[in-house]
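A.B. asks: The structure's right below; bear with me while I get my questions together.
The values are calculated or read from the model by the stated rules, or taken from the named source; none is laboratory data. Given the structure is predicted, the values throughout are model-derived calculations rather than measurements. Every residue, glycine among them, receives a Cβ derived from its backbone with ideal geometry; neighbour counts consider all protein chains shown. Calculation scope for accessible area: heavy atoms of the full protein, side chains included, ligands and nucleic acids excluded. Shrake-Rupley method; radii C 1.70, N 1.55, O 1.52, S 1.80 Å.
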Amino acid sequence: MQELIFWLIFSIVAATLIITQTVAVTSKPTVPQLTSIELPDLSKKDPDAQLIYENEILSEKLSKFLEGKVVIYSLGESSGPTFNEKSIREGAQQIAYQGLIAELETVKNSLTAQVISLFNEERAKTMSTRIAELFDQLYLRITFDDVLAVTYKIWKKSKGEVTTYYYLVIFDDEYARILIESLATDLIQELQTYGVPFKDLWQKALDEYTAQRGTSHNQ
């Protein structure tokens, strides 16, 4: 009898342990997959190009981006006589900004197509103009807002009397969306009447940008 009770208790304890372990395994949270963002690295491509600046805060942020995160960037390059170094540096920065604006045209076109599909022809024309105006404002801000267009890395190369600067700038798409939402409350509210959050349209435009551009950024 005692032996029967012993085996009965043993069976209950064993079953409890198995169930507990199973629940622990199945309830284990999924670990987000981080991605290594492939960005231009002049130091690897050209040993004469020396990295003279790196935004370490942005480096940390990039290292934690989830897989599939959209990164819109541009690399600007400018060369000239060594004695005119300041102008060369500013030229590389402006070229990087121009490249960023060119990349964003894809996002603008996608967003425009999505928005105008919700309205009749007359209203769609007005909405298209409104989006164009909003992106013009973004483009203007890129040249002076170092949060919207963040300088990530700067390289310098000197050869004889010629100096070359390279600027790598990254577009903050989340900050841009917030800016648009604050500048275009009328547009946002009108979209809401159709049950379409602007955030969803923005994300879809970024996804389409990624699909069209892939890894073929202006390196």
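A.B. asks: Could you pull the accessible area for ASP41 with a 1.4 Å probe, rounded to 10 Å²?
C.D. replies: Approximately 40 Å² of ASP41 is accessible to the 1.4 Å probe.
A.B. asks: Among the listed pairs LYS45/LYS108; LYS64/LYS199; LYS64/LYS153; LYS69/LYS108; LYS61/LYS125; LYS125/LYS199, which are separated by more than 27 Å between their Cα atoms?
C.D. replies: On the way: LYS45/LYS108 32 Å; LYS64/LYS199 22 Å; LYS64/LYS153 18 Å; LYS69/LYS108 18 Å; LYS61/LYS125 39 Å; LYS125/LYS199 21 Å.
Pairs exceeding the cut-off: LYS45/LYS108; LYS61/LYS125.
A.B. asks: Write down the accessible area per residue of region 43-172 in Å², having rolled a 1.4 Å probe over the full set of protein chains. Mind dumping the intermediate values first?
C.D. replies: Values: 6880 Å² over 130 residues.
Result: 53 Å² of accessible area for each residue.
A.B. asks: From the square roots a ≥ b ≥ c of the eigenvalues of the alpha-carbon gyration tensor of region 43-172, which class results: rounded (a/c under 1.5), prolate (a/b over b/c), or oblate? Before the final figure, lay out the partial values.
C.D. replies: Working: a/c = 3.21, a/b = 1.96, b/c = 1.64.
Here region 43-172 falls in the prolate category.
A.B. asks: Among 72-82, 135-145, 45-55, 91-101, how do they line up from the highest to the lowest mean number of other beta-carbon atoms within 10 Å? Write down the numbers at each step before the final one.
C.D. replies: Working: 72-82: 18.5, 135-145: 15.4, 45-55: 13.2, 91-101: 20.4.
Top of the packing list down: 91-101, 72-82, 135-145, 45-55.
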